[in-house]
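Read the figures in this text as sums done on the coordinates, not as results from a lab. Since we're looking at a predicted model, the values are computed, not measured. Don't worry about glycine lacking a Cβ; one is built from the backbone with ideal geometry, like all the others, and counts go over all protein chains shown.
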Amino acid sequence: MSEKKQGVEIPRIEDFIKNLSEKELIYLNRLVIERLKLISQEKSTSQMMRFNIGERVSFTAPDGKRKQGVIVRLNKKTASIRTDEDENWNVAPGLLRNL
């Protein structure tokens, strides 16, 4: 939404929501959650498309150490990485860097 249009639409949306019943709000909540999940999946898919099996990548482990390895599998939400230290990690694509 453009900034100008958003400024006009937000108050209308707020007014609309204020007039909904509990049943309608529950339904709207379900729709919003489904939409947010879809957006998240689209982001993950687009990030995942940057990588291929066999590519060398790096990432930072939770302990802060930098890990390097090879992508062995591309899962729905993560890439399976076999590190140079023979460890297996499932890492979100947004945390991976190409080498």
- Task: Kindly provide the set of residues from segment 17-55 that are in contact with a helix residue (DSSP H, G or I) (Cβ under 8 Å, 6 or more places away or on another chain) and either farther than 30 Å from L99 by Cβ or of a type in the set (D, E) (or both), ordered by number.
- Result: I17, L20, L25, L28
- Within segment 36-48, can one find any residue that is touching a residue at least 24 places away in the same chain (Cβ under 8 Å) and in contact with a Leu (Cβ under 7 Å, 6 or more places away or on another chain)? yes
- Output the number of residues of segment 56-79 satisfying the condition of being out of contact with any helix residue (DSSP H, G or I) (no Cβ under 8 Å at 6 or more places or on another chain), under 19 Å from S46 (Cβ atoms) and not charged (D, E, K, R). 3
